[in-house]
Amino acid sequence: MGSALAPLPFTGRTPIAISQLAPYNPNDPNSIEAIWQPQYDFQLYPAAGQTQLLFFQVPQGQGGKLLNDTNMNLAGQFPAPCAFLTTAIMVPFYPANTILGAAGTQGAAAKTAAAATVASNLNDTQIVANTGWLTITIGSKIYLTDSPLGKFPPNYSVGGLQAAAGTYAAGTQIISDFARAIGRYAEITPLLIPMNQNFVVGLYWPALTVISTGGRIGVILDGFYYRQSQ
């Protein structure tokens, strides 16, 4: 008789036996549960540049930050009995330029524009991606330093097509201007951030790195969030 087949890998459409559901049960008051829950923090990248931006230091509800900006509940730490195991890092940057139309009105990132219009969104993204360095500090010890910031691309983007038709004055053009850093998903050696342990992710530049218009930049820590079960 041949050996038994290996079990199929778990997917959302392959049911798990009832006897194996205990690790996924949220109702166990005597245990700690782990869920995949990235931690994120966003702030302004000023047009004049900055030499350092520190993340995860202002929780939601303070400094005008909402859940759109961060999901941190405390400044620079996770409350007891919570902890976080980070496995990867992303640094998304959103340029904020719009293209001026022939009539001088602002529109989306694709618009009839003067023939000399510069692709400012692409240029700003390139400037940010090709400069600076990132550090992760837990307690008083640095656990990661890497450069440039484009080595931490987001794993999501904007996709679509555009079609334009019409009669345009001489010397104008249709321009589409969008960019993001691309590359390998930046997995790291897993780092545990224990409960009530101070940590910070910093972005640094040796000098002011000027862009054409202030944008939005963030740090996303992918990983597992540990908390008390209910």
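The values are calculated or read from the model by the stated rules, or taken from the named source; none is laboratory data. Source: prediction; values computed, not measured. So basically every Cβ, Gly included, is an ideal-geometry build from the backbone, and we count neighbours across all protein chains shown.
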Give me the pairs: first residue in region 72-98 and closer than 16 Å to Q43 by Cα, second residue among the β-branched types (V, I, T) and in a loop (DSSP other than H, G, I, E, B), beta-carbon distance under 6 Å, and six or more apart or on different chains, which are they? A96/T213
Of Q52, Q57, the only residue that is modelled with pLDDT of 95 or more and surrounded by fewer than 16 Cβ atoms within 10 Å (Cβ to Cβ) is Q52
Kindly indicate which of T213, T172, T135 is surrounded by fewer than 18 Cβ atoms within 10 Å (Cβ to Cβ), modelled with pLDDT under 95 and closer than 25 Å to L66 by Cα. T213
Could you pull out the residue among A109, A129 that is closer than 28 Å to A179 by Cα and modelled with pLDDT under 90? A109
Could you say whether any residue in region 167-179 is in contact (Cβ under 8 Å) with a residue 60 or more places away in the chain, within 26 Å of F152 (Cβ to Cβ) and touching a Gly at 6+ places or on another chain (Cβ under 9 Å)? no
Residues satisfying the stated conditions in region 180-195, i.e. part of a loop (DSSP other than H, G, I, E, B) and either within 18 Å of N71 (Cβ to Cβ) or touching a strand residue (DSSP E or B) at 6+ places or on another chain (Cβ under 9 Å) (or both): R180, A181, Y185, P194, M195
Just give me the residues in region 72-88 being at pLDDT 95 or above and among the small types (G, A, S), in sequence order. A75, G76, A83, A88
